[in-house]
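Here the structure is laid out as structure tokens; the discussion comes afterwards.
Read-outs: derived from the displayed coordinates by stated rules, not from any lab. It should be emphasised that the depicted structure is a prediction, and the values quoted were computed from it without experimental measurement. Note that each Cβ is placed from the backbone with ideal geometry, even for glycine, and that neighbours are counted across all protein chains shown.
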There are 2 protein chains.
Amino acid sequence: MTNGTEGLLLQLFTIFVWAKVFGELFERLHLPSVLGEILAGIVLGPYATQFVIPTPTVFSIAEIGAIFLLFTVGLETNPKDLISVSRLSMRVAVGGVALTFIAGFWLMRADGQPVNESAFVAAAMVATSAGITARVLRDLNVLKFRVSRIVLAAAVFDDMLGMILLGIVVSVATGAGIRWLHLGLVIAEAAGFAVFMIYYGPRLVRRIRPGLQRMQTHDAPLVLALAICLGLSVVATKIGMAAIIGAFFAGLAFADFSPEWNLEPRAQAINQFLSPFFFFTMGSRLQLSVFSREVVVMGLAISLLAIITKMLGCGLPLFREGWMTMLRAGVGMTPRGEVALIVALVGLQMNMISQRSYALVIMMTAITTILPPPVLRILFREKVAALSPSGEAGSEVEESLHGGIG
Amino acid sequence: MTNGTEGLLLQLFTIFVWAKVFGELFERLHLPSVLGEILAGIVLGPYATQFVIPTPTVFSIAEIGAIFLLFTVGLETNPKDLISVSRLSMRVAVGGVALTFIAGFWLMRADGQPVNESAFVAAAMVATSAGITARVLRDLNVLKFRVSRIVLAAAVFDDMLGMILLGIVVSVATGAGIRWLHLGLVIAEAAGFAVFMIYYGPRLVRRIRPGLQRMQTHDAPLVLALAICLGLSVVATKIGMAAIIGAFFAGLAFADFSPEWNLEPRAQAINQFLSPFFFFTMGSRLQLSVFSREVVVMGLAISLLAIITKMLGCGLPLFREGWMTMLRAGVGMTPRGEVALIVALVGLQMNMISQRSYALVIMMTAITTILPPPVLRILFREKVAALSPSGEAGSEVEESLHGGIG
């Protein structure tokens, strides 16, 4: 309508189409499409061809995209499943997060980086991408196995741990050194929020359901879910966490009712529209000029460390389950994704990390995301083979499914 | 994440919730919820309680909301139905538009307003709200009757005529007087675009369907529809039309495939999220201080004129169908809505109309939207009564449905 709108629409159209074209190319190369969307931002963005210079409005739309990304992940997560394997998964998550954070922090310090910057990069290294892991396990058709559920629940837990770590790092970095009381409060708030939402979120939704049916508003359940997604995002920022964590818990609270109200495909539609802007702008922030030979070597070192520590930290708590399960869980937990990128982005926006560290995190995300899928395909081969011809193996799936939920 | 995001999320949450609360209240009073959402913007906006002062980013999101609103209307419109009753509907649409525009222009000139401003307000008066009309007819369960299809098709046509008029008014207002060659080009482009999209849009989509099925991208049809929605919005602005007209035709091109690809409920979800921002910001632009007694009287006069001219202009072309059909069509075509508001908004943004004229258009929209639904309920009473008890009347519905499509 006005010139501003024309320019905005043209930019949205350009970003959307190119992100999807790169995503399609990556899918055809059997690589995650999300990396293609990021690459589109790198190639077309201000630091390379300068074909698209995203405006502040597009960055805002991208951040709303991040909210819906995590809201959808929450909607797809069954809180009961999360609780059923929660103790073992929590150990796997904590093991992976602790080891990775300590090792990452040590490597950055050894490389001569400041404490705050080292803490940010280390925090970016901890969170497994629940989205990418779920996608790979779904493609392999092994989503119902116990180890898959342990991995998925652990990936969700360490998203939460990653966010809690981010909250801690931010509050420490902006405050005058480490204030233990403040730190304790941040951890208590985050843990309290998480426990409350996992246990009481779904019950609250169940309780307001009769009221919803009396509402005149067209499609009241979706409207309520969207309102709560925005509301909890605001609450999360108010208690010092990232907005996306609130959005994730909002999704989790509605997960049980998603089939009844047909929420997931519709949240996914909002996601389909908004998330390309998130990944594209993510790539567009990457300064290519920082990639000296030294940075590439450091990036490889960090990626290697991110893989080894995650495999050790996540595998070891499962030592009773046999080495194959340990290996599958370790590799399954390796991909980093949205949360890593968001932590790096927050650091960049707060001027807490340099363009060099931002580049390291993007490189680490790309490498840890590209390698595990083919390895998982090999590790799950016998399980898939056992499944396909006979009907017997199917009962194992059934059993593990019901055993987990009951 | 950053402070900017926190503020944005808080504002989005506040607007979304209040728009929906006012909408719910209006629904319970049997008034269109869209008027409630506009009222929320008036009451909470900068010219009244100043509870919410929308930022430029929110205004941009609101304009994307307008795009998806018309995209969804297009998706819900069957191009074949549009063609089947097209000649009669086109006459109804042209009659209503021409009479309303001339009378509106005359009244504003008689009131001593400048030519450009008079043309803008008159252009805002012409377009029937396809959305509100469809909603009322659906609620009455008479959507399948021939008169309903004539009314709906005419409402869609006069959305298009309204947009063409807007293009003309804008190009005349910004140019040096009326340039006939330029005017002819604008009309030819608009008509060509409309005819091309109605006849060839669906065929083009059908032709690329096999290619879509080979695509690796998750949910390729939705992705393509979204890309084309954004793309045609840009094209529309490039040829001097409003972006929403491009979005409408994009929806129309995909309407035939909407059931197969489950597009409509998912476009509707994006719409559910974005449209409250559009209607709220619309209300937030209304300066309450302009409502002197003189302006209220003028608003009532314009509303009365808008009702009479629409009933005459739309009813007369149907003189062969009997007075009841004329009356139903005339009342059915009365509600103004999104397009009227958008025309007024463009005028306001271009500094072509005053706050007073903006207020007149909002008042006219409210009055023409509130009055027809109860009147239609009375006019359709016998038809609905004939339908409900026996099974016979159902065949009339079936017949009119298939007769229209065949």
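Can you give the calculated 222 nm mean residue ellipticity of chain A, where each DSSP H run of n ≥ 4 adds -39,500 (n - 2.57) and the sum is split over every residue, rounded to the nearest 500 deg cm²/dmol?
For chain A, the value works out to -26500 deg cm²/dmol.
Using the membrane-span-like helix rule (whole DSSP H runs, Cα extent along the own axis of at least 18 Å, mean Kyte-Doolittle hydropathy at least -0.5), which helices of chain B qualify?
B:3-28, B:56-75, B:86-110, B:146-174, B:180-213, B:220-238, B:263-284, B:293-315, B:355-370, B:392-405
What residues qualify as long-range amide H neighbours of A:SER129, i.e. H under 5 Å apart, gap of 5 or more or another chain, H built at 1.01 Å from N?
For A:SER129, the qualifying residues are A:ARG336, A:GLY337.
Determine the equivalent ellipsoid of the stretch B:79-157 by diagonalising the alpha-carbon gyration tensor, then write out the semi-axes as square roots of 5 times the eigenvalues, largest first, rounded to whole Å.
Gyration-tensor ellipsoid for the stretch B:79-157: 30, 13, 9 Å.
Against the globular-protein guess of 2.2 N^0.38 Å, express the Cα radius of gyration of the stretch A:318-368 as a ratio, rounded to two decimals.
1.54
Sorting A:VAL297, B:VAL115, A:VAL126 on the 10 Å Cβ count, fewest up front, what's the list?
By the 10 Å Cβ count, ascending: A:VAL297, B:VAL115, A:VAL126.
Taking the beta-carbon count within 10 Å as an exposure proxy, list A:TYR47, A:TYR358 from fewest neighbours to most.
A:TYR47, A:TYR358
Which distance in nm do the two modelled labels at A:THR174 and B:ASN141 give, with both placed 7 Å along the Cα-to-Cβ direction?
With each label point 7 Å from Cα toward Cβ, the separation is 5.7 nm.
When you take every Cα atom in the protein assembly as shown, what is the radius of gyration, and what is Dmax, the widest Cα pair distance, in Å?
Answer for the protein assembly as shown, Rg first and Dmax second: 28.8, 90 Å.
What Kirkwood hydrodynamic radius, in Å, does the stretch A:133-211 give when the mean of 1/r is taken over all pairs of distinct Cα atoms and then inverted?
That comes to 15.3 Å for the stretch A:133-211.
For chain A, take the alpha-carbon Rg, divide it by the Kirkwood Rh, and send me Rg/Rh.
0.96
Within the stretch A:296-311, list the residues whose amide N lies under 17 Å from a label point set 7 Å along Cα→Cβ of A:TRP106.
The answer is A:301-311, whose backbone nitrogens lie closer than 17 Å to the label point.
Given label points at 7 Å from Cα along Cα→Cβ, what nm distances, shortest first, separate A:TRP180 from the same residue in every other copy?
Taking the point 7 Å beyond Cα along Cα→Cβ, the inter-copy spacings are 9.0 nm.
If you project the alpha carbons of the stretch B:1-89 onto the principal axes, what extent comes out on each, in Å, largest first?
Rounded to whole Å, the extents work out to 53, 34, 20 Å.
Calculate the translational D of the stretch B:251-333 in whole µm² s⁻¹ from Stokes-Einstein, where the hydrodynamic radius comes from the Kirkwood formula applied to all Cα pairs, the temperature is 4 °C and the viscosity 1.567 mPa s.
Rounded to a whole number, D works out at 76 µm²/s.
Given the stretch B:167-245, what whole percent of its Cα pairs are spread farther than 18 Å?
Result: 54 percent of Cα pairs exceed 18 Å.
Could you pull the copy-to-copy label distances for A:GLU321, with points set 7 Å along Cα to Cβ, in nm to one decimal and sorted shortest first?
Label-point separations across copies, in nm and ascending: 6.7.
Residue farthest toward the positive end of the dipole of the stretch A:247-338, with Cβ of Lys/Arg at +1 and Asp/Glu at -1: which of A:TRP261, A:ALA301, A:LEU312?
A:ALA301
Quick one: if you take sqrt(5λ) for each eigenvalue of the C-alpha gyration tensor of the stretch A:223-271, what semi-axes come out, biggest first, whole angstrom?
21, 10, 8
Going toward the positive end of the dipole of the stretch A:1-134, with +1 on Lys and Arg Cβ and -1 on Asp and Glu Cβ, which of A:MET108, A:ALA40, A:VAL21 do you reach last?
Positive-most Cα among the choices belongs to A:MET108.
Which distances in nm, rounded to one decimal and ordered from shortest, link the label point of B:ILE308 to the equivalent label points in the other identical copies, with labels set 7 Å from Cα toward Cβ?
Output for B:ILE308: 8.8 nm, nearest copy listed first.
Please report, in debye to the nearest 20, how large the charge dipole of the stretch A:72-226 is about its Cα centre when each Lys and Arg carries +1 at its beta carbon and each Asp and Glu carries -1 there.
Charge dipole of the stretch A:72-226: 760 debye, to the nearest 20.
Can you give the convex hull volume of the alpha carbon atoms of the stretch A:89-132 per residue, in Å³?
Taking only Cα atoms, the stretch A:89-132 has a hull volume of 65 Å³ per residue.
Sort A:LYS238, A:LYS144 so that the residue with the fewest other Cβ atoms within 10 Å of its own Cβ comes first and the one with the most comes last.
In increasing order of surrounding Cβ atoms, one gets A:LYS238, A:LYS144.
Listed highest first by mean packing, meaning other Cβ atoms within 10 Å per residue, what order do B:325-331, A:208-214, B:48-54 come in?
B:325-331, B:48-54, A:208-214
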